[in-house]
1. I need the full set of residues from the stretch 132-169 which are closer than 18 Å to M85 by Cβ and open to solvent by 20 Å² or more (accessible area, probe 1.4 Å), in order please.
2. Can you name the residue in the stretch 10-44 that is polar (S, T, N, Q) and over 17 Å from the mean Cα position of the chain (by Cα) and, of all such residues, is least open to solvent (accessible area, probe 1.4 Å)?
3. Out of the residues in the stretch 50-84 meeting the condition of being in a helix (DSSP H, G or I), touching a Phe, Trp or Tyr at 6+ places or on another chain (Cβ under 7 Å) and aliphatic (A, V, I, L, M), tell me which one is least open to solvent (accessible area, probe 1.4 Å).
4. When you go through (1) open to solvent by 50 Å² or more (accessible area, probe 1.4 Å); (2) of a type in the set (S, T, N, Q); (3) under 17 Å from the mean Cα position of the chain (by Cα) one by one for S90, which number turns out not to apply?
5. Pick out the one residue from G69, G6, G30 that is in contact (Cβ under 8 Å) with a residue 60 or more places away in the chain, out of contact with any helix residue (DSSP H, G or I) (no Cβ under 9 Å at 6 or more places or on another chain) and among the small types (G, A, S).
6. Going by the structure shown, is D47 in contact with a strand residue (DSSP E or B) (Cβ under 6 Å, 6 or more places away or on another chain), open to solvent by 30 Å² or more (accessible area, probe 1.4 Å), within 23 Å of P135 (Cα to Cα) and acidic (D, E)?
7. Where the second residue is polar (S, T, N, Q) and open to solvent by 60 Å² or more (accessible area, probe 1.4 Å) and the first is farther than 17 Å from E94 by Cβ and modelled with pLDDT of 95 or more and lies in the stretch 34-57, which pairs have Cβ atoms under 8 Å and are six or more apart or on separate chains?
Amino acid sequence: MIVAFGDSLTAGVVENTYPDYLQQLLDEHGYSYRVDNQGVSGDTTTDGLARIGNVTAAHPALVVLEFGGNDGLRGIPVTATKQNMEEMVSRLKEAKIPVVLAGITLPPNYGPDYVQPFTAMFPEVAKKFNVRLLPFILLHVYQHGDMMQPDGIHPNGVGNRVVAQDIFAFIKPLLLKGAAH
């Protein structure tokens, strides 16, 4: 099992989420993993930390960890967000569960004094815990209006397909073919 663990970017705000498309890609390429979408819209890193025990209890083969956007949009201090991210990654690593960190950034109108340390947090956490980092989960969709919801924050179905392709390409080296996982 692969757990997609995050906020609304994982949970999805449309019918076809990136975890749905990731499942299709895994199936099409002969991987026997089941994707468990444990995204909850509106969740902050504090909420994720409160739910991390559910993830470790499931003993997945891999976790795609995507949090932080709601913290940033609410102006939560970066130090608090980073501490929560570090604790989630630490708990996953302690449980010997491979983790891939999916980063996010914020609109520039939040100001460089907030956006720069926020964006830098993801590579810092990845380096500290030696986990793989996809620096910006929306890299190939956020500048394409036809791939985004009108809110400019969430991908639509087309965008989620692209996000899933990016995540699949990124996690593929960590996957095993064969028996069900």
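The values are calculated or read from the model by the stated rules, or taken from the named source; none is laboratory data. Everything quoted here is computed from the prediction, not taken from an experiment. FYI the Cβ positions are ideal-geometry reconstructions off the backbone, even for glycines, and counts take in every protein chain you see. The accessibility values were calculated without ligands, DNA or RNA, using every heavy atom of the protein model including side chains. Shrake-Rupley method; radii C 1.70, N 1.55, O 1.52, S 1.80 Å.
1. Those that are closer than 18 Å to M85 by Cβ and open to solvent by 20 Å² or more (accessible area, probe 1.4 Å): R132, L133, L134, P135, F136.
2. Result: S32.
3. Let us first name the residues in the stretch 50-84 that are in a helix (DSSP H, G or I), namely 50-58, 69-73, 78-84.
If we keep only those that are touching a Phe, Trp or Tyr at 6+ places or on another chain (Cβ under 7 Å) as well, we get 55, 72, 78.
Add one more test, that the residue is aliphatic (A, V, I, L, M), and what stays is 55, 78.
Details: V55: 0, V78: 24 Å².
Going through the qualifying residues, I end up with V55.
4. S90 satisfies all of (1) open to solvent by 50 Å² or more (accessible area, probe 1.4 Å); (2) of a type in the set (S, T, N, Q); (3) under 17 Å from the mean Cα position of the chain (by Cα) except (1).
5. G30
6. In short, no.
7. Q38/N54
Residues are listed down the side, and each one gets a yes or a no for (1) assigned to a loop (DSSP other than H, G, I, E, B); (2) among the polar types (S, T, N, Q); (3) modelled with pLDDT under 95; (4) at negative phi:
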position	(1), (2), (3), (4)
D113	no, no, no, yes
F118	no, no, no, yes
F122	no, no, no, yes
V125	no, no, no, yes
V141	yes, no, no, yes
I153	yes, no, yes, yes
V163	no, no, no, yes
F168	no, no, no, yes
A179	yes, no, yes, yes
